[in-house]
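Chemist: Sharing a structure here in structure tokens format.
The values are calculated or read from the model by the stated rules, or taken from the named source; none is laboratory data. Just so it is clear, the structure is predicted and the values come from calculations on it, not from any experiment. Here the Cβ positions follow ideal geometry from the backbone for every residue, glycine too, while neighbour counts run over all protein chains shown.
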Amino acid sequence: MTLKKRIWAGVPYLILVVSVLPMFIGYFWLLISSFSTQTEGLLPVGNLTLEHFSFLRESPFGRGYPSIWRVTFNTFLIASFMTITVVLVSALAGYGLSRLSFPGRKSFLSLTLILHAFPSVTLLIGIFFVLRALGLYNTILGVALVMVGFEMPFGIWLMKGFFDNVSWDMERAALIDGASRLQVWWQIILPTIKPGMAALALFAFISGWNAWLIPKTFTIGAGQQATLSVYLQNFQSDTVAVDWGAVTAVGLFQLIPVAIFFIFTQDLLLNMYAGGSKGGA
Amino acid sequence: MKVELENLTKKWGDVIGVDSINLDIQDGEFVVFLGPSGCGKTTTLLMVAGIYKPTTGAIRFDGRVVNQVAPKGRNIGMVFQSYALYPHMTVYQNISYPLKLKKTPKAEIQERAQRVADIMGIGHLMDRKPANLSGGQQQRVALGRALVKEPGLLLFDEPLSNLDARLRLSMRSEIKRLQVDLGITSIYVTHDQVEAMTMADRIAVINDGQLHAYDTPAEVYDRPRTLFIARFIGNPPMNFTEVEFSQINGAYHARREGLELVIPADRAEKAVGKGSVMMGIRPEDIIVDSKGIPGEIHGVEPLGRDHLIDAKIRDSHFYLLADPSLSLKSGDTVKLGFNTKKSQFFDIKSERSLLWN
């Protein structure tokens, strides 16, 4: 009886483990591969080595290519710009859409939803002309702005959802307590949706950090404006065999900030505020 | 603070939320807005608070029209059903928030917040977050936050609805005592007629956005001006049955099948000659009486001190309260005496009282 119960209790874990396994193996291989001279299947062959990390000192593609630090800085710049802009603008727009009734609110919301579902690839050529006309082609700012644009519909909807869950009573209470609308937003509403903002910040940062399509399209080759993902692509070449060790090493390098960022925000993500407001709407 | 509402109306497109309400509240008075959910009482309250703008009509505080004044300029405190505490702030920060916004000196904030917290009996919880408080404690914090700025008008929006029955009882008397002590003009919105009866100086009965009555609890109870009021006030509710009047030997008889009651002249005179009218009589005005009218017991609900009896006379039901020691059972025949001195009569069509209009 108890044995049977125990076996049943183990079933959910088994399902979880099996479903997570492919991802785990991927990361495992990434780690192994970047520190070993050669791998066969999942296992290292020969000695462990740090040789794949030589890209940290000098460009593996020779002169004329930006250093990894320059590329990292670019990526960081884009990701941070995206995080800040997306969170700030979405939080303001989401608040407005959730709380104020103004003409065009409904159509704005549905338009945003359509934009969110819109396949961004189809817009690339159009955006190219716009960027070139604005003189933003092949610039970090141009890439960042386009990325922000693509992320915004999602951000606005996410934030609106969080604002919708904040009770009107709390806002009314603050207005009666003597706060202005902006004070209500900043001092009362925003702090209560911190988890939502952290989630959005995390999404925005990761999508900026990992972006490949847009930086690839709107910057020239692996020039001074390259991001990490674009830089990684340089390892693929028609003339030389791909050095998978180096690819995984750069991949691992790219992974570090995301992991750190996640560690700092996961508390906020999980710790949704409880209590303080019951019933009512 | 004296409050006057003049033809106060709120419309959303074609939907009328509040329909031309007129009433005045004296300084220091405790007024209860009573009505079923969706009747417009909270809308009215939110207009007084400045959250909603009236469509037409005026709100006056001490004679000054405040229609266009923002909530923060109205010197009011409000307590919400959901408490509406700020979850990211401690109890102290919650209570002191209104003072902080007024840029009160820090030492004074501290002193006043502590004083209010002590009055509310939450002085020892100042460092807690709302999530770590019980419902009753949260309600006290909300009350403290409303009181700390020493408002001229206190607004309550069903503040006790989320508390358990026992706590509701004690908070009820506490709020009333506090209001009397501080003498702050108060408006209290509720759908609970017991709260209204026990707390109010005057009750405003609201239904479908209209003011049905505005009077003391005793008046509203004894002299319901509409059928709605008679139905809504009183627990268990008033019994209703359609009767027709006839005059026999100078005495007025109200009758329907199986039922014939002699009605005192002062009441009957106003209701006679109108054909079929709606008679209302409260459960406490029906007693088990050996000289009464025979009926059959249809159901018995033990309430502890009393039994609530559902008695049938032909096809009309009457609820009454009976002593449990009578040990009445379903199916028993029982004789009922009616205290017709307390009977009410309403016009069936207009649903207005024939006695008190």
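Chemist: Restricting attention to helices (runs of 4 or more DSSP H) lying wholly within region B:49-152, give those where 1 or more residues are under 22 Å from B:THR190 (Cβ atoms) and either at the interface with chain A (Cβ under 10 Å from one of its Cβ atoms) or of a type in the set (Phe, Trp, Tyr) (or both).
Modeler: Once the helices (runs of 4 or more DSSP H) in region B:49-152 are filtered for at least 1 residues that are under 22 Å from B:THR190 (Cβ atoms) and either at the interface with chain A (Cβ under 10 Å from one of its Cβ atoms) or of a type in the set (Phe, Trp, Tyr) (or both), what remains is B:135-147.
Chemist: Could I ask something else about it? For region A:160-182, which residues satisfy the criterion of being more than 7 Å from every other protein chain (Cβ to nearest Cβ) and closer than 22 Å to B:THR104 by Cβ?
Modeler: To start, the set of residues in region A:160-182 that are more than 7 Å from every other protein chain (Cβ to nearest Cβ) comprises A:160-166, A:168, A:171, A:174, A:180-182.
Within region A:160-182, A:ALA174, A:SER180, A:ARG181, A:LEU182 meet the criteria.
Chemist: Moving on. Condition first: acidic (Asp, Glu), free of Cβ contacts under 8 Å to residues at least 40 places away in the same chain and either buried (at least 16 other Cβ atoms within 10 Å of the Cβ) or out of contact with any Asp or Glu (no Cβ under 8 Å at 6 or more places or on another chain) (or both). Now tell me which residues in region B:278-309 satisfy that.
Modeler: Here is the first cut: in region B:278-309, the ones acidic (Asp, Glu) are B:284-285, B:289, B:296, B:301, B:306.
So of that shortlist, the ones also free of Cβ contacts under 8 Å to residues at least 40 places away in the same chain come out as B:284, B:296, B:301, B:306.
Selection gives B:GLU284, B:ASP306.
Chemist: Only one of these is farther than 28 Å from B:LEU303 by Cβ and of a type in the set (Gly, Ala, Ser): B:GLY209, B:GLY258. Name it.
Modeler: Just a single option satisfies the conditions, and that option is B:GLY209.
Chemist: Okay, moving on. State all residues of region B:153-171 that are more than 13 Å from chain A (Cβ to nearest Cβ), in contact with a helix residue (DSSP H, G or I) (Cβ under 6 Å, 6 or more places away or on another chain) and closer than 20 Å to B:THR185 by Cα; if no residue qualifies, say none. Can you show your working first?
Modeler: Filtering region B:153-171 down to residues more than 13 Å from chain A (Cβ to nearest Cβ) leaves B:165-171.
So of that shortlist, the ones also in contact with a helix residue (DSSP H, G or I) (Cβ under 6 Å, 6 or more places away or on another chain) come out as B:167.
Once the filter is applied, which keeps residues that are more than 13 Å from chain A (Cβ to nearest Cβ), in contact with a helix residue (DSSP H, G or I) (Cβ under 6 Å, 6 or more places away or on another chain) and closer than 20 Å to B:THR185 by Cα, region B:153-171 yields nothing.
Chemist: Identify the single condition in (1) farther than 23 Å from B:GLU284 by Cα; (2) in a helix (DSSP H, G or I) that B:HIS212 does not satisfy, given that it satisfies every other one.
Modeler: B:HIS212 satisfies all of (1) farther than 23 Å from B:GLU284 by Cα; (2) in a helix (DSSP H, G or I) except (2).
Chemist: I want to confirm something. Restricting to region A:31-59 and keeping residues that are buried (at least 17 other Cβ atoms within 10 Å of the Cβ) and over 27 Å from the mean Cα position of the chain (by Cα), which single residue is nearest to A:ALA226 (Cα to Cα)?
Modeler: A:SER36
Chemist: Out of (1) at negative phi; (2) modelled with pLDDT under 90, what's the single condition that is false for B:VAL288?
Modeler: For B:VAL288, the failing item is (2).
Chemist: Would you point out which residue out of B:GLY304, B:GLY273 is in a loop (DSSP other than H, G, I, E, B) and within 29 Å of the chain's Cα centre (by Cα)?
Modeler: B:GLY304
Chemist: Does B:ALA196 count as assigned by TED's automatic domain parsing to the domain that holds B:ASP14 and part of a helix (DSSP H, G or I)?
Modeler: Numbers: assigned by TED's automatic domain parsing to the domain that holds B:ASP14: yes; part of a helix (DSSP H, G or I): yes.
In short, yes.
Chemist: Out of curiosity, is B:PHE228 assigned to a strand (DSSP E or B) and of a type in the set (A, V, I, L, M, F, W, C)?
Modeler: no
Chemist: Which of (1) surrounded by 16 or more Cβ atoms within 10 Å (Cβ to Cβ); (2) farther than 28 Å from B:ALA311 by Cα is the odd one out, the single condition B:ASP181 does not satisfy?
Modeler: Exception for B:ASP181: condition (1).
Chemist: Given the criterion within 18 Å of A:ARG172 (Cβ to Cβ) and hydrophobic (A, V, I, L, M, F, W, C), identify the matching residue among B:ALA84, B:ALA107. Give the steps one after another, and end with the answer.
Modeler: On the way: B:ALA107 fails: within 18 Å of A:ARG172 (Cβ to Cβ).
Sole residue among the options that is within 18 Å of A:ARG172 (Cβ to Cβ) and hydrophobic (A, V, I, L, M, F, W, C): B:ALA84.
Chemist: Moving on to the next point. Identify all residues within region B:240-277 that are in contact with a helix residue (DSSP H, G or I) (Cβ under 7 Å, 6 or more places away or on another chain) and either more than 23 Å from B:LYS335 (Cβ to Cβ) or surrounded by 15 or more Cβ atoms within 10 Å (Cβ to Cβ) (or both); write none if there are none.
Modeler: Within region B:240-277, B:PHE245, B:TYR252, B:LEU261, B:ILE263, B:VAL277 qualify.
Chemist: Moving on to the next point. Taking region B:80-105 on its own, how many of its residues are without any contact (Cβ under 8 Å) to a residue 12 or more places away in the chain, polar (S, T, N, Q) and farther than 14 Å from B:ASP127 by Cβ?
Modeler: Residues in region B:80-105 being without any contact (Cβ under 8 Å) to a residue 12 or more places away in the chain, polar (S, T, N, Q) and farther than 14 Å from B:ASP127 by Cβ: 1 in total.
Chemist: Mind listing whichever residues of region A:188-197 are crowded, with 19+ Cβ neighbours inside 10 Å and either facing chain B (nearest Cβ under 8 Å) or more than 14 Å from A:LEU92 (Cα to Cα) (or both)?
Modeler: Within region A:188-197, A:ILE188, A:THR192 meet the criteria.
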